[in-house]
1. Being touching a helix residue (DSSP H, G or I) at 6+ places or on another chain (Cβ under 9 Å) and without any contact (Cβ under 8 Å) to a residue 40 or more places away in the chain is the filter here, so list the residues in segment A:154-169 that pass it.
2. Exactly one condition in (1) within 16 Å of ligand 2 (Cβ to nearest atom); (2) not in a loop (DSSP other than H, G, I, E, B) is false for A:Leu166; which is it?
3. Can you name every residue in segment A:99-121 that is away from chain B (no Cβ under 11 Å), buried (at least 21 other Cβ atoms within 10 Å of the Cβ) and not hydrophobic (A, V, I, L, M, F, W, C)?
4. Considering each residue of segment A:56-84, count those that are more than 7 Å from chain B (Cβ to nearest Cβ), hydrophobic (A, V, I, L, M, F, W, C) and more than 16 Å from ligand 1 (Cβ to nearest atom), and give that number.
5. For segment B:86-129, which residues satisfy the criterion of being more than 30 Å from B:Ser164 (Cα to Cα) and under 26 Å from the mean Cα position of the chain (by Cα)?
6. Please list, ordered by first then second residue, the pairs with beta carbon atoms under 7 Å, 6 or more apart or interchain, first in segment A:89-113 and farther than 21 Å from A:Ser78 by Cα, second part of a helix (DSSP H, G or I).
7. Looking only at segment A:178-209, filter to residues that are touching a residue at least 24 places away in the same chain (Cβ under 8 Å), out of contact with any strand residue (DSSP E or B) (no Cβ under 6 Å at 6 or more places or on another chain) and over 25 Å from A:Val7 (Cα atoms); which one of those is surrounded by the fewest Cβ atoms within 10 Å (Cβ to Cβ)?
8. Being open to solvent by less than 20 Å² (accessible area, probe 1.4 Å), on the phi < 0 side of the Ramachandran plot and not acidic (Asp, Glu) is the requirement here; does B:Val168 meet it?
Amino acid sequence: MLKVENVKKAFGGTIVLDGVNLTVNPGEVVSILGSSGSGKSTLIRCINGLEKLNAGRITVDDFDVSKPKELAEARKRSGTVFQLFNLYPHMSALQNITLAPIEVLKRPKAEAEAEGRALLASVGLGDRADAYPAQLSGGQRQRVGICRALAMQPRYLLLDEVTSALDPEMTSEVLDILAKLAKSGTTMVFVTHEIEFARQISNRIVFLEKGVLLVDLPTAEFFSAEGGLAQPRVAQFLSKMRKD
Amino acid sequence: MRYTEFTPFDLWLLAQGLGVTVGLFLVTSLIGVAIGVLWGVVRFYRVPVLMQVITFVAEVLKNSPVLVQLFLVFFGFPAFFKLNMTPVNAAIITLSLNTAAFVYVIAVSSIESIGRDQVEAARVFGLSRWQVLRHVIAPQAMAFSIGPLTALLVNQLQVTSLISVIGVMDLSKIGANLNLRTLKPFIVWTAVGILYYLAAKLVATLGAKLEKRLRAHSAFRGL
Ligand SMILES: Nc1ncnc2c1ncn2[C@@H]1O[C@H](COP(=O)(O)OP(=O)(O)O)[C@@H](O)[C@H]1O
Ligand SMILES: [Mg+2]
């Protein structure tokens, strides 16, 4: 279980997360919606230990990310896919994927590479294993980014607006892969602006507004008039997103 | 000294002087690069106190004349601390530290040129600071720094000529001696200048070759 309990985070005087509670059970897909600046990325960065919490607790399978000794275990259990890919530019697609399995999980190189190639093949990049990030399109880079996270066999996949730097065609190639992952039971925390897609793949949808988790509902309820839409901010947000 | 004509032996003297210059250059460059990189790593790890001390020492070394540093090491410290200091040792200490200060600057800026986002990605996947340095930062920082490093070393080769003033028999000192003996400054200093030029050209060429290899090896943009 991934548990976020009453988490507070401020940068200087600006409060960015104001008492957020969120639980993600294994096998669930939870989408996080919210307008730009509402704290979605910060929440993800708190979960993977890139930001220190000011208050509250985050545990990944009972490993507390705020405790240096437990952070390593917590990080082994969650894999992050970044908005801007964050690939290592001096390494080939395959090396990007195998670095952490070899260095962190101490997997034998040949084994890690075989798995890396299989992952690349599964996202349609079987023939680009030796290409460098700069030689790949945005959509291909993000697919490598997904493989890199999956190679660690994480129990929780954290995805922060992974398609927002991509054009529509590339977006759909990446979303297709995420849909498959969701179907196969991968647990995901999915920050996105792709409302329709979130609706299709999520078990639950949460809505973040100015650092407060306003709504946390099963997908169908989130989109129902008595459920999520009863919240004026959610209704406003959804109608604005639909227009864009 | 009575002046005399050039003899074939003078060529041998020049070669010896060149040997001393190149030898001191190589030794001080190796020590300087090693220390400068080490300082850069200390800064990368943000070691408290040590980091501030290094920044201060590097500042002082960068912003004072090498000749003054040389006099301080050769005359000042031995007088103050009652030590023995040979000209060669003073030259090695001074030039190594001076090179280290500039290598430190290059190391810091190349480490900082590596995007934070990649470093964060590596940390999130569980790599330790050392593993991040070794696998993500160092390979890119090296390709990035080789150009400035070559320029620095070409310059430090010229700077070695300063050590002739404390009596090290380097190329410049041999030139000065030959000049006094033959009273043919034009010929002597032209010959000495050409030798420095050739040595510098060699350093620059080797640096360019290495840079090309490092970059070709990593067939990616953005370096
Ligand atoms: N490192 C930081 N320093 C200062 N302010 C930050 C930092 N990171 C994020 N913020 C601020 O926190 C707020 C939430 O940012 P973010 O979590 O990126 O929102 P979102 O991902 O929902 O768009 C924004 O106002 C942003 O400016
Ligand atoms: Mg964001």
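The values are calculated or read from the model by the stated rules, or taken from the named source; none is laboratory data. Keep in mind that this is a model prediction, so the values were computed, not measured. Note that each Cβ is placed from the backbone with ideal geometry, even for glycine, and that neighbours are counted across all protein chains shown. Each accessible area value is taken on the protein alone, full model and side chains, heavy atoms only, with ligands, DNA and RNA left out. Shrake-Rupley method; radii C 1.70, N 1.55, O 1.52, S 1.80 Å.
1. Correct list: A:Thr163, A:Leu166, A:Asp167, A:Glu169.
2. With (1) within 16 Å of ligand 2 (Cβ to nearest atom); (2) not in a loop (DSSP other than H, G, I, E, B) applied to A:Leu166, the lone miss is (2).
3. Matches in segment A:99-121: A:Gly116 only.
4. 5
5. B:Val108, B:Ser109, B:Ser110, B:Ile111, B:Glu112, B:Ser113, B:Ile114
6. Filtered contacts from segment A:89-113: A:Pro89/A:Pro133; A:Pro89/A:Ala134; A:His90/B:Pro139; A:His90/B:Gln140; A:Met91/A:Leu99; A:Lys109/A:Ile102.
7. A:Gly185
8. Yes: the conditions hold for B:Val168.
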